[in-house]
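Undergrad: Got a structure for you, written out below as structure tokens; questions coming shortly.
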Amino acid sequence: MALRAAAFLDKDGTLLVDVPYNVDPARMTLAPGAPAGLRGLARLGLALVVVSNQPGVGLGRFSHERLDGVAARLRAMFLEQGALLEGCYWCPHHPGGTVAGFARRCDCRKPSPALVYRAARELGLDLRRSWFVGDILDDVEAGRRAGCRTILLDNGGETEWRQDSSFRIPDRIVADLHEAALHIATCTRGEIRA
């Protein structure tokens with residue numbers, strides 16, 4: 001079976017309006033540009049995968065089980081835009097946390113690419129033909145370390161702009177997910193469905 005291309009998407013600030021530590025599905029709102037972006041990515045036939053640090057688990061802000069409701073709501077939000085969410089991959093850890101089992105350094109917290117690699121194995125994805133879209137340079141680094149092309153949404157999420165390695169330099173900077181989808185479509189004509 002041929003490996004598929006994917007769009008790995010950060011959750012807060014990329015797909016959703018960033019509400020810190022929000023796990024209430026009723027308060028989840030698509031970010032500006034995200035509805036059109038999801039429709040555009042779905043038309044390209046990309047596997048859509050969410051990869052997100054969720055340190056609120058390790059910090060004791062919410063239980064790990066609450067992420068099941070977040071994933072279910074995201075799937076419904078994608079379907080409302082004609083898109084299929086194929087997987088959600090969470091890092092629930094935080095090195096300064098307080099919850100046993102989650103209060104630690106780990107290998108899955110972005111900018112590590114471990115969750116991207118895991119998704120690629122489990123979903124049959126070709127990382128060289130895939131994209132990672134996020135609103136901070138840790139997203140860019142995770143994507144580039146995994147071998148993906150990367151897009152940074154310059155929407156105020158990144159506050160440090162620490163570009164101390166080539167892994168933190170995105171292939172493209174755009175305003176929102178809609179512009180990201182348009183760029184991916186331009187770059188991948190005839191490539192995605194192959």
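The values are calculated or read from the model by the stated rules, or taken from the named source; none is laboratory data. Only a predicted model underlies this, so the values are computations on that prediction, with no experimental measurement involved. Heads up, the Cβs are rebuilt from the backbone with ideal geometry, glycines too, and the neighbour counts pull from every protein chain shown. All accessible areas refer to the heavy atoms of the entire protein, side chains included, with ligands and DNA or RNA removed. Shrake-Rupley method; radii C 1.70, N 1.55, O 1.52, S 1.80 Å.
Undergrad: Select from region 98-111 the residues that are touching a residue at least 24 places away in the same chain (Cβ under 8 Å) and more than 13 Å from the chain's Cα centre (by Cα) and write down the one among them that is surrounded by the most Cβ atoms within 10 Å (Cβ to Cβ).
TA: Taking the candidates together, the pick is F102.
Undergrad: Another question, if that's okay. Would you mind telling me which numbered condition in (1) touching a residue at least 40 places away in the same chain (Cβ under 8 Å); (2) surrounded by fewer than 18 Cβ atoms within 10 Å (Cβ to Cβ) S63 fails?
TA: (1)
Undergrad: Separate question: Condition first: among the polar types (S, T, N, Q) and open to solvent by 40 Å² or more (accessible area, probe 1.4 Å). Now tell me which residues in region 10-35 satisfy that.
TA: Once the filter is applied, which keeps residues that are among the polar types (S, T, N, Q) and open to solvent by 40 Å² or more (accessible area, probe 1.4 Å), region 10-35 yields only T29.
Undergrad: Hey, another quick one. Report the residue count in region 133-160 for those that are more than 22 Å from P32 (Cα to Cα) and either hydrophobic (A, V, I, L, M, F, W, C) or outside any loop (DSSP other than H, G, I, E, B) (or both).
TA: 8
Undergrad: Only one of these is crowded, with 18+ Cβ neighbours inside 10 Å, outside any strand (DSSP E or B), hydrophobic (A, V, I, L, M, F, W, C) and touching a strand residue (DSSP E or B) at 6+ places or on another chain (Cβ under 9 Å): L48, L79, L38. Name it.
TA: L38
Undergrad: Among the residues of region 142-192, which ones are β-branched (V, I, T), over 24 Å from Y117 (Cβ atoms) and surrounded by 19 or more Cβ atoms within 10 Å (Cβ to Cβ)?
TA: V174
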